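The values are calculated or read from the model by the stated rules, or taken from the named source; none is laboratory data. As the structure is a prediction and not an experimental result, all values here were calculated from the model. Using ideal geometry, Cβ is built from the backbone for each residue, glycine included, and neighbour counts are taken over all protein chains shown.
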Amino acid sequence: MRISTKLILIAGGSALLAACGGNGILSRERPDEMAVQRQAPLVVPPDFNLNPPTPGAPRPAEGTASEQALEALFGGPAPRSSVETSALDRAGTASPGIRSSVGDPATNTVAKGRVTRDIIAAPEGDGQFASAVIPG
């Protein structure tokens, strides 16, 4: 049994060494990692006689926040279709102070059910230990 184990180990080792032979993997052409090009030196651009910006003035290259958002989302302002215009006309617009009146306790709201009321009225707790009991 010892001779067969040695024979298997020798055959396996020779097979592994034969696999490392010159099949082109180790002798292929590679780029020389030591051949580094020098970067061109920094050059000061010519003076274009630009005026410094005035304090508080808007930047000329930038628009308002809504224009920037439209440009980022849709590629600029686009004409609305007749369906979209009709839907917007029917929906109307929110009053300007809507955000102020939403959080007001005197604001009338639609009843959403007992569960929602219990969740909203749940006492404040200490982070992960806060709990609300919802009667089922």
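Which one of these is among the small types (Gly, Ala, Ser) and modelled with pLDDT of 80 or more: Ser100, Ser82?
Ser82
Tally time: how many residues in the stretch 77-110 are hydroxyl-bearing (Ser, Thr, Tyr), over 28 Å from Gly63 (Cα atoms) and part of a loop (DSSP other than H, G, I, E, B)?
2
Among the residues of the stretch 86-96, is any among the polar types (S, T, N, Q), exposed (fewer than 10 other Cβ atoms within 10 Å of the Cβ) and more than 30 Å from Ile120 (Cα to Cα)?
no
Since Val110 meets every condition but one in (1) exposed (fewer than 10 other Cβ atoms within 10 Å of the Cβ); (2) of a type in the set (A, V, I, L, M, F, W, C); (3) modelled with pLDDT of 75 or more, which condition does it not meet?
All conditions pass for Val110, except number (3).
Kindly evaluate Gly56 against the criterion of being at pLDDT 75 or above and either of a type in the set (Ser, Thr, Tyr) or not in a helix (DSSP H, G or I) (or both).
yes
Would you mind stating whether Ala72 is more than 30 Å from Ile120 (Cβ to Cβ), among the small types (Gly, Ala, Ser), assigned to a helix (DSSP H, G or I) and at pLDDT below 80?
When the stated conditions are applied, Ala72 passes them.
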